[in-house]
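The values are calculated or read from the model by the stated rules, or taken from the named source; none is laboratory data. Just so we're clear, the structure is a prediction, and the values are computed from it rather than from any experiment. With ideal geometry, Cβ positions are generated from the backbone for all residues, glycine too; neighbour counts draw on all protein chains shown. Side chains are part of the model used for accessible areas, which takes the heavy atoms of the whole protein and leaves out ligands, DNA and RNA. Shrake-Rupley method; radii C 1.70, N 1.55, O 1.52, S 1.80 Å.
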Amino acid sequence: MAIKWLDSATSTNTLMAADAGCYAHGDVLAVREQTAGRGQRGNSWEAEPGKNLTFSLMLRPRALRAADAFLLSMTVSVGMVKALQRILGIEIQLKWPNDIYAGDLKLAGILIENSFAGNMLGHAVIGIGLNVNQMRFCSDAPNPVSMAQLAGHEFDLNEVLDAVTNEIVAEFDTFQSNPDIDTLTATYSSMLWRRTGVWPWHDNLRDEIVEAAILKVAPTGHLTLDLTPPRTYAFKEVAAIIDQ
């Protein structure tokens with residue numbers, strides 16, 4: 001696994017995807033200042049230069065169907081949680097589908113961009129923004145937090161990058177060697193934010209607010225809420241409501 005650092009760039013995902021053939025499985029492209037970082041739903045990602053980690057990781061599946069792409073997303077999310085829990089010594093959770101939370105605060109975001117070869121997954125560029133040493137957030141993001149704010153001290157960026165990327169690659173490689181979908185799904189589900197209790201959600205399909213518990217997340221990534229009857233949603237069809 002090779003790590004390449006740049007001083008400044010627009011988007012590491014864009015750069016890695018444009019030159020994908022030059023990156024082997026597990027290679028990383030990191031930048032000290034990202035000027036046009038992209039998040040889910042077209043959002044931007046705020047990151048104070050030199051204080052946080054903004055990077056892309058190349059994963060190359062050996063034999064994963066395009067229809068099973070969310071299994072890769074699960075391994076990335078699980079690997080992130082395991083690494084951050086080990087470093088911080090506190091519970092870290094997954095906000096469906098793949099945001100990383102500490103309590104009700106967002107610690108990291110993941111943007112996965114897949115390349116397909118027919119009905120198979122060719123490669124995946126894993127873009128990650130992780131708040132590490134930033135102590136003040138100025139954007140209109142509702143609930144950011146950094147590792148330093150949680151722990152009360154700063155962290156070495158290179159050490160955190162090594163820990164996180166090694167854990168993600170190990171999690172994905174383990175799954176490739178033994179593709180136990182049930183175990184992976186159960187592990188992912190056990191790490192879910194608000195995995196117990198009834199919470200408010202905005203049903204974007206019906207434009208209404210519902211109160212419901214999470215019933216399950218399927219290997220395809222679909223979320224089912226415990227309503228009468230149960231409702232199943234794809235990404236962007238429902239959103240958790242967070243008190244401000």
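Pairs only if they're at least six apart or on different chains, beta carbon under 8 angstrom, first in region 168-190 and within 11 Å of Gly79 (Cα to Cα), second of a type in the set (Gly, Ala, Ser); list them, first residue then second.
Cβ pairs passing all conditions: Ile168/Gly79; Ile168/Ala83; Val169/Gly26; Val169/Gly79; Ala170/Gly79; Glu171/Gly79; Phe172/Gly79; Tyr188/Ser77.
Yes or no, residue by residue, for (1) open to solvent by 70 Å² or more (accessible area, probe 1.4 Å); (2) at pLDDT 95 or above; (3) part of a helix (DSSP H, G or I):
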residue: Phe155; (1), (2), (3): no, yes, no
residue: Asn158; (1), (2), (3): yes, yes, yes
residue: Val164; (1), (2), (3): no, yes, yes
residue: Val169; (1), (2), (3): no, yes, yes
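For residues that are in contact (Cβ under 8 Å) with a residue 12 or more places away in the chain and either surrounded by 14 or more Cβ atoms within 10 Å (Cβ to Cβ) or basic (Lys, Arg) (or both), tally how many sit in region 203-212.
So the count comes out to 3.
Pull up region 54-88, narrow it to residues that are in contact (Cβ under 8 Å) with a residue 24 or more places away in the chain and over 30 Å from Ala117 (Cβ atoms), then point me to the one that is surrounded by the fewest Cβ atoms within 10 Å (Cβ to Cβ).
Taking the candidates together, the pick is Arg86.
Got a sec? Which of Leu215, Leu227 is under 22 Å from the mean Cα position of the chain (by Cα) and either at pLDDT below 95 or among the hydrophobic types (A, V, I, L, M, F, W, C) (or both)? Explain how you work it out, then say what you get.
Numbers: Leu227 fails: under 22 Å from the mean Cα position of the chain (by Cα).
Matching residue, one of Leu215, Leu227: Leu215.
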